[in-house]
Amino acid sequence: MTDLEVGMYVSRLDCDWSATPFPLQGVPITSRDDIDKLSKFCKYVFVDLHRRVAPAQTLPRVAMAARTAARPAINPRLVARHSYTDTASFEEEVPRAREAFNTMAAFAERLVDDIQAGKPIEPGAVEEAVRPMVASVLRSGDAFFWIESLRRRDSYTYQHAVGCSTLAAAFGRHMGFASETIESLAAGGLLLDVGKAQMPEEMLKRPGPLNDDEWAVARQHVSEGIAILDHSGVDDPEIRDMVTTHHERFDGSGYPAGLAGTAIPLSGRMAAIIDSYHAMSSMRPYRPAMSQHLALRQLYAGRDREFQGELVEQFQACLGVYPTGTMVELNTGEVAVVMVQNQARRLQPRVAILTRADKGPREDFLIVDLMNQADVVRREILRTLPAGSHGIDPREFFLQ
């Protein structure tokens, strides 16, 4: 810490950001006071050598205000201000979550058709579509994810839009952002791949890998997405940052601009994690879906390279070890699906058991809270399973 100087930009700490008062965007060192504050929490820090900060004492007040307004070092909308707790039980929230899901899913399907027809996006309509979902996620951290996990699987494009929007809302809640900011993040998640509506459909559904020319076309969906936002008058900064930078990578290996570290907006760094996680855990034309647990492990393996390590850890904490909707095998041989997280015991969620020990289907599901069991034989999660394992589809139990 003795090597820190005024003018440096701290991009990483040697401890969890959530244990400090500093925002995840980074810490600009504008005075000795900033160094003293960091010293109280850290033994060492990481400095972004590509960013320099003008010392506060050398800038006139007006000049400093103008510089901050032009490119703020810290986005005030993306600063933790709240600590959310569930205000509705899972059972109470499920009917409202189902209604909110149906509203957003219908909008997402219509959105793709409208864009392909050359119609502009209505910003107000996007807000109306995501607002009930955000409200549901803020009331209950599990109910909407449960309903979303039972979604239809006939269109990856709309599934990805709804899934990324839901994940963005949950991640924003976990980070403690204001509800208005969470709505912006949810709208950004919904529109992440809006530019793909302009891509050739046969290319998007290709069961095999793309060739170099096709890959170059596919990468253009980012610029196509921004063009659609421009045409539609969508000027929300979080939405635009997410669409623009969700394929940038923390180590600079992404596209379209090859941005690295905190040069990528925080909402873009979050979007990269959300987009990758949902893509890995979804069925694609060229590969089966990973289990959600394995997708989280893949993200963790890419921490501090493709993705900011602290954000990956926060995302994992947000979803839990076994995210809602994950299929699991129990030590009894039974197959179950995770319904509700237990915040006090993340390894012991509430599950719905769908099969007997021999993997044969039960006539009806059995709900068991793994944290509070009265049975002599205690059930525990043995391993996670990919969706569709053993020919089991949870929708057959819950969508009747």
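The values are calculated or read from the model by the stated rules, or taken from the named source; none is laboratory data. Owing to the predicted nature of the structure, the values given are computational and were not obtained by experimental measurement. Heads up, the Cβs are rebuilt from the backbone with ideal geometry, glycines too, and the neighbour counts pull from every protein chain shown. These accessible areas exclude ligands, DNA and RNA; they are computed on the full protein's heavy atoms, side chains included. Shrake-Rupley method; radii C 1.70, N 1.55, O 1.52, S 1.80 Å.
Key figures
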item: Residue in the range 320-341 that is among the small types (Gly, Ala, Ser), more than 19 Å from MET280 (Cα to Cα) and out of contact with any strand residue (DSSP E or B) (no Cβ under 6 Å at 6 or more places or on another chain) present; result: yes
item: Helices (runs of 4 or more DSSP H) contained entirely in the range 114-211, each with at least 2 residues that are among the polar types (S, T, N, Q) and touching a Lys or Arg at 6+ places or on another chain (Cβ under 8 Å); result: 156-175, 179-190
item: Residues of the range 301-321 satisfying the condition of being open to solvent by 10 Å² or more (accessible area, probe 1.4 Å) and within 16 Å of HIS174 (Cα to Cα); result: GLU310, GLU313, GLN314, GLN316, ALA317, CYS318, LEU319, VAL321
item: Single match in GLU329, GLU363 (criterion: open to solvent by 60 Å² or more (accessible area, probe 1.4 Å) and either on the phi < 0 side of the Ramachandran plot or of a type in the set (A, V, I, L, M, F, W, C) (or both)); result: GLU363
item: Any hit, the range 181-193, residues being of a type outside the set (Lys, Arg) and farther than 18 Å from ASP275 by Cβ; result: yes
item: Residue tally, condition in a loop (DSSP other than H, G, I, E, B) and either surrounded by 18 or more Cβ atoms within 10 Å (Cβ to Cβ) or modelled with pLDDT under 90 (or both), over the range 380-390; result: 3
item: Unmet criterion (only one of (1) open to solvent by 20 Å² or more (accessible area, probe 1.4 Å); (2) under 20 Å from MET242 (Cα atoms)) for GLN298; result: (2)
item: Filter result for LEU366 (outside any loop (DSSP other than H, G, I, E, B), of a type in the set (A, V, I, L, M) and either in contact (Cβ under 8 Å) with a residue 40 or more places away in the chain or in contact with a helix residue (DSSP H, G or I) (Cβ under 9 Å, 6 or more places away or on another chain) (or both)); result: no
item: Residue within the range 262-285 that is surrounded by fewer than 23 Cβ atoms within 10 Å (Cβ to Cβ) and at positive phi present; result: no
item: Where a residue in the range 104-125 is farther than 24 Å from GLU148 by Cβ and its partner, wherever it lies, is at pLDDT 90 or above and of a type in the set (Gly, Ala, Ser), with Cβ under 7 Å and at least six apart; result: PRO120/SER232
item: When residues of the range 17-43 are limited to those that are open to solvent by 80 Å² or more (accessible area, probe 1.4 Å) and at pLDDT 80 or above, the one nearest to GLU5 (Cα to Cα); result: ARG32
item: Subset tally (residues that are part of a strand (DSSP E or B), modelled with pLDDT of 90 or more and not hydrophobic (A, V, I, L, M, F, W, C)) for the range 349-361; result: 2
item: Unique residue being at positive phi, surrounded by fewer than 16 Cβ atoms within 10 Å (Cβ to Cβ) and in contact with a Pro (Cβ under 8 Å, 6 or more places away or on another chain) when the list is GLY233, GLY176; result: GLY233
item: Subset of the range 99-131 (residues that are surrounded by 17 or more Cβ atoms within 10 Å (Cβ to Cβ), touching a Phe, Trp or Tyr at 6+ places or on another chain (Cβ under 9 Å) and closer than 17 Å to ALA169 by Cα); result: ALA100, PHE101, ALA105, ALA108, VAL126, ALA129, VAL130
